[in-house]
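Visitor: The structure that follows is given in the form of structure tokens.
The values are calculated or read from the model by the stated rules, or taken from the named source; none is laboratory data. Note that the structure is predicted; figures quoted are calculated from it, not measured. So basically every Cβ, Gly included, is an ideal-geometry build from the backbone, and we count neighbours across all protein chains shown. For the accessible areas, the whole protein counts, side chains as well, though only heavy atoms, and no ligand, DNA or RNA atoms are used. Shrake-Rupley method; radii C 1.70, N 1.55, O 1.52, S 1.80 Å.
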Amino acid sequence: MEFERVGVVGSGIMASGIAEVAAGSGATVVLRARNAASAADLGARLDESLARALERGKRTAEEAAALRARITTTTELGDLAHCDLVIESVVEDLEVKLDLFRALGRVAAEGAVLATGTSTLPVIDLAMQVPHPERVLGIHFFNPAPQMSLVEVVRPLSVDEAVVARAIAFVRECGKEPIEVKDQAGFIVNALLFPYLNNAVRLLERGVATKEGIDAAMKGGCGFPMGPFALLDLVGLDTSIAILEALYAEYGDPNYSPEPLLRRMVSAGRLGRKSGSGFYPYR
Ligand SMILES: NC(=O)c1ccc[n+]([C@@H]2O[C@H](COP(=O)([O-])OP(=O)(O)OC[C@H]3O[C@@H](n4cnc5c(N)ncnc54)[C@H](O)[C@@H]3O)[C@@H](O)[C@H]2O)c1
């Protein structure tokens, strides 16, 4: 096994999915939330996800129980000191991630690999916060992590080749398909996906069609499994704005400039599935 002890930092939709996938590789996983309530939510979300995997016949009851037993939650960053890989999956905010990397640089084990799950932010900026930037890279899972096969392995200028090779081996052990990509905003998928999602919001704002009509058109006309508004709700509208802003800052392309409606919806607390409503209701 490439990494025997994996730490995951965060308590959002991605963190629990990454913990489940990493535990599926056979690793023991320490999942760190900022407070006890979020840690309890994480545990409940893991149980739900594993129950769904059982229902769908993806795992046996024994496999699910063994996997769950390999994951513990904590509120202490110091509990990650024995991990040989730490993957951060906190909010898509550069300042928050920079602070977290500085802290990880202090607590992580000598020789540990540190990874970010960022969708768009510069991995090199995070790498430069720690004593060994050559051991930092991006491991970008997709949502929902247990179901999506792709993982982008992001190579900042500072990374050591051996670290990239280990990350690729780990991704394969997780049952995923690694694709290597340069450290540029949006990597492959989000650089291509987000102009499309943003332009769907633009069409809606212009009254070209209803959201239901646009979603049905992209499913029926392009064979996409879900339309742009259902996908924005799944990603989270706050996270989508953060992704668009990082893309816009990097490339200055107006297609990446977040549409006003997205901002208004976030101000209204309509973040998508995670808040119970977005373009569609979820309660
Ligand atoms: N949502 C997606 O579809 C998706 C897909 C792939 C990657 N990502 C990336 O994964 C990461 C997490 O995204 P998510 O969708 O799980 O987010 P989320 O909104 O579900 O959760 C954000 C997490 O960040 C934590 N957080 C908020 N402020 C913080 C702070 N000041 N300090 C420390 N932690 C803080 C929250 O407690 C929460 O655990 C982001 O980098 C995002 O770009 C998201």
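Visitor: Considering S277, S257, which residue is away from the ligand (no atom under 16 Å from the Cβ), of a type in the set (S, T, N, Q) and over 19 Å from the mean Cα position of the chain (by Cα)?
Guide: None of the others qualify; the one that does is S257.
Visitor: Tell me, please, whether a residue that is within 30 Å of E161 (Cβ to Cβ) and either more than 12 Å from the ligand (Cβ to nearest atom) or within 17 Å of the chain's Cα centre (by Cα) (or both) can be found in segment 199-208.
Guide: Checked segment 199-208: no residue is within 30 Å of E161 (Cβ to Cβ) and either more than 12 Å from the ligand (Cβ to nearest atom) or within 17 Å of the chain's Cα centre (by Cα) (or both).
Visitor: Say whether the condition of being touching a Pro at 6+ places or on another chain (Cβ under 9 Å) and farther than 30 Å from G26 by Cα is met by at least one residue in segment 179-192.
Guide: Yes.
Visitor: Still on this model: With the structure loaded, tell me whether M1 is under 20 Å from I168 (Cα atoms) and within 11 Å of the ligand (Cβ to nearest atom) or whether it fails that test.
Guide: no
Visitor: When the residues of segment 188-236 are filtered to those that are in contact with a helix residue (DSSP H, G or I) (Cβ under 6 Å, 6 or more places away or on another chain) and among the β-branched types (V, I, T), which remaining residue is farthest from R264 (Cα to Cα)?
Guide: The extreme case among them is I214.
Visitor: Please pick out the residue among F194, F224, F229, F170 that is touching a residue at least 60 places away in the same chain (Cβ under 8 Å) and within 16 Å of the ligand (Cβ to nearest atom).
Guide: None of the other options fit; the residue is F194.
Visitor: Report the residue count in segment 86-140 for those that are within 18 Å of the chain's Cα centre (by Cα) and closer than 19 Å to V171 by Cα.
Guide: 17
Visitor: Determine, yes or no, whether E95 is in the same structural domain as I13 (by TED's automatic domain parsing), within 10 Å of the ligand (Cβ to nearest atom), open to solvent by 60 Å² or more (accessible area, probe 1.4 Å) and under 24 Å from P156 (Cβ atoms).
Guide: When the stated conditions are applied, E95 passes them.
Visitor: Say we look at segment 24-67 and pick out the residues that are closer than 23 Å to R172 by Cβ and among the charged types (D, E, K, R); which of these is surrounded by the fewest Cβ atoms within 10 Å (Cβ to Cβ)?
Guide: The selected residue is R56.
Visitor: Considering only residues that are within 11 Å of the ligand (Cβ to nearest atom), of a type in the set (A, V, I, L, M, F, W, C) and open to solvent by 10 Å² or more (accessible area, probe 1.4 Å), which ones fall in segment 99-128?
Guide: L100, A103, L121
Visitor: Let me ask something else about it. What pairs come up if the first residue lies in segment 254-283 and is closer than 15 Å to V201 by Cβ, the second is open to solvent by 20 Å² or more (accessible area, probe 1.4 Å) and of a type in the set (F, W, Y), and their beta carbons are under 6 Å apart, counting only those six or more places apart or on different chains?
Guide: Y256/Y248; S257/Y248
Visitor: Give the residues of segment 1-46 that are among the aliphatic types (A, V, I, L, M), part of a helix (DSSP H, G or I) and in contact (Cβ under 8 Å) with a residue 40 or more places away in the chain, sorted by residue number.
Guide: Scanning segment 1-46 gives I13, M14, A15, I18, A19, V21, A22, A23.
Visitor: Counting only residues that are aliphatic (A, V, I, L, M), in contact with a Ser or Thr (Cβ under 8 Å, 6 or more places away or on another chain) and modelled with pLDDT of 95 or more, how many does segment 1-35 have?
Guide: Of the residues in that region, 10 qualify.
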